[in-house]
Each structure stands twice: as C-alpha cells, then as structure tokens.
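*Asks:* Encoded as structure tokens, here's the structure I'll be asking about.
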C-alpha cells in the first residue's frame, strides 16, 4: 500500500515538473523567437513625405552587404565633406532617426540613414541584435566613403539601442571611423537578455540564449563593452534618457566609466529615445556639436 502511494505521488510530482517545464518553455521560447523576428515597421507615406519635406537634397539609395542582402536608405549631402551614418534600433526603420539626421545636416554633415536587415524596406528575415548587422554598417560605410563630395577620412557613426551595439562593434573593426555617438546601449547581448528574461518571471535567460544561438546569433560576439576598448582615442559620445526603463541610465553610466575621455548626455525626462522631442536644443548642442568637433578638417600638416 505504501509503495503504491509513493508511486502515485512520484507520478504526480513528475507530472507537475513536466507541466512547469512546459509553461516555462511556452513563456520564453515564443518571446525570444519574436525578438529574432520582430514585426517590420514599414515606411509610411507620411514618413516619406516628412523626409522629403524636412531633409534638403534627400535621395533614395541602396547597397548590398557582403552576405548578399539588399539594403535601402536615404542620403542627403552636406556642405563640408564630412558624413555620419545613422543606425536605428530593433524593429525600427530609418525614419526614426530623421530628427538626428536633420540636426547633423544643419551642421553641414552629409547623412546616410538606412534600414538594417529584416527592417523597413531592406531584405532579410532575422534580426541578430548587432551580430550580422555589423555587415550592414560596413556596407553603408563603403557606400558613403565612395560617394562624391564625402571625405573618406571624416566619417562618423551614430547608433540607437540595438543599433548602438552594432555601431560599437563596427567602429572597433574599422579604425578609419573618426567618431562614434551611441544611444542607450547594453554592455553585452548576454547582459541584455538576462535583464529581459528572468527566472523569477518564469522566463530563464539561458533558455532565451539557447533560442538565439539556435537561430544563428553568435551571442558571445555581441559585446559592446569589449568593442569600446578599441575605439579610443577616437571621440565617443553616450546618450540616453533619464527615464529609460529599457536601458537604465546606470547601465550606460557603467560603460562611460570604462571609456577614457567619453562624453555623456543624459537627457532629463526622456525615455528610450525621442531625445529631439524632449530637448531639441540639447540634441543640437550635444550631437551636432560633437560631430562638428570630431569630424572637423585636419589642417595641412596637422
């Protein structure tokens, strides 16, 4: 009798364990898979109209990555030979960075905005959180470097969120990039996944990481904290909002402390983006003037 009861309890315990594991999988795997395949935010007629109305000289452009994807973007020529490539965040598109592009263009810098892989109008179906997107940025740099009127020695990068991770990785690999501005950025993809997926919420980060790895993302390669060590003495500017719940200010502050000479703009009242809406004058003074200094012509013999 006792052995039958013990067996019954064991089966119940096993069933509960299986049910619990199933619930954890159901709470974690679809969410992680969605993060690898975010819904596209397509460009609207309103996006195109705003871009054409507010960005002088705007041109539609396209270029290919080394792994064969066709990317679409906009280019607007500046007046002093410098250029800045702008990289949007996860699930976004190039229209999201129009406020930053307008500031930079007013300061005389050419701007190239493009849709990263699996975003906007560009090809691709997998968002790799900076891993494969490095190839997108490299292709954008090649395109703008070959553009007539752009000095290939005076190119800067600006990235927002996951785009900031991508920019940090790309700048570490390309020593010709003169300056880097980063929107809110995590030190590593591993750290970001551990923030977004927590066992206390029934979503273990290790399971989410496994989904990312099976999806083809080299999680260990997406470490902006390591890439940032290879960027100085080139100028670096960090930007984030004081009310950012996605990438808290203290996360960005921790990275700033690791980069000698880095500049910091913590935008009062801003969340995850929208810096120009919250403080347009601050965007002009911080982002615009940062690239003015960093991309200035070097005097002959200087």
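Taken together, the values in this text are just the output of simple stated rules run on the coordinates, not laboratory data. Because the structure is a prediction, the values reported are computed rather than measured. Quick reminder, even Gly has a Cβ in these numbers, built from the backbone with ideal geometry, and neighbours come from all protein chains shown.
*Asks:* Let me make sure I get this right: for the range 237-302, a, b and c are the square roots of the gyration tensor eigenvalues over alpha carbons, sorted descending. Under 1.5 in a/c it's rounded, otherwise prolate if a/b > b/c, else oblate. Which is it?
*Replies:* Oblate is the answer for the range 237-302, as a/c is 1.5 or above yet b/c matches or exceeds a/b.
*Asks:* So, one more: With a ≥ b ≥ c the root eigenvalues of the C-alpha gyration tensor of the range 158-302, is it rounded (a/c under 1.5), prolate (a/b larger than b/c) or oblate?
*Replies:* oblate
*Asks:* Quick check: pseudo-label points 7 Å beyond the Cα along Cα→Cβ at residue 242 and residue 60, how many nm apart are they?
*Replies:* 4.3
*Asks:* Turning to a different aspect of this structure: Could you compute the FRET efficiency for residue 67 and residue 173, with r as their C-beta to C-beta distance and R0 at 22 Å, rounded to 0.05?
*Replies:* My answer for the efficiency is 0.90.
*Asks:* Show log10 I(q)/I(0) for the range 42-157 at q = 0.15, 0.16, 0.17, 0.19 Å⁻¹, two decimals, from a solvent-free Debye sum over equal Cα scatterers.
*Replies:* -0.59, -0.67, -0.76, -0.95
*Asks:* So for 219, 167, fewest C-beta neighbours within 10 Å to most, what's the order?
*Replies:* Least to most surrounded, the residues fall as 219, 167.
*Asks:* Nearest 10 degrees, 0 to 90: what angle lies between the long axis of helix 162-173 and the longest principal axis of the chain (Cα atoms)?
*Replies:* 60
*Asks:* A further question follows. Listing 242, 116, 161, 188 from the residue with the fewest other Cβ atoms within 10 Å to the one with the most, what is the order?
*Replies:* Ascending Cβ contact count within 10 Å gives the list 242, 188, 161, 116.
*Asks:* Please order 87, 103 by the number of other Cβ within 10 Å, starting at the fewest.
*Replies:* Listing 87, 103 from fewest to most nearby Cβ atoms yields 103, 87.
*Asks:* Note the direction-averaged projected area, equal to a quarter of the hull surface, for the Cα convex hull of the chain, in nm².
*Replies:* It is 18.4 nm².
*Asks:* What is the spin-label model distance, in nm, from residue 221 to residue 201 if the labels are put 7 Å beyond Cα along the C-beta direction?
*Replies:* If labels sit at residue 221 and residue 201, their model points lie 2.8 nm apart.
*Asks:* On to the next question. Calculate, for residue 272 and residue 41, the FRET efficiency according to 1/(1 + (r/R0)^6) with r their C-beta to C-beta distance and R0 22 Å; round to the nearest 0.05.
*Replies:* Here the calculated transfer efficiency is 0.90.
*Asks:* Please report the antiparallel percentage of DSSP beta bridges with both residues in the chain, rounded to the nearest 5.
*Replies:* 35
*Asks:* When the distances between all Cα atoms of the range 148-216 are binned every 5 Å from zero, what whole-number percent does each bin get?
*Replies:* Computed distribution, short to long bins: 4, 15, 18, 16, 16, 11, 8, 6, 4, 2, 1.
*Asks:* Rounded, prolate or oblate: pick one for the range 190-230, where a ≥ b ≥ c are the square roots of the eigenvalues of its C-alpha gyration tensor, a/c under 1.5 means rounded, and failing that, prolate if a/b is larger than b/c, else oblate.
*Replies:* Because a/c hits 1.5 or more and a/b fails to exceed b/c, the range 190-230 counts as oblate.
*Asks:* On to the next question. For every helix of n ≥ 4 consecutive DSSP H residues, a contribution of -39,500 (n - 2.57) applies; sum these over the chain, divide by its total residues, and give [θ] at 222 nm rounded to the nearest 500 deg cm²/dmol.
*Replies:* -12000 deg cm²/dmol
*Asks:* Full-extension gain between residue 29 and residue 190, please, as 0.36 nm times their residue separation minus the C-alpha to C-alpha distance.
*Replies:* 56.4 nm
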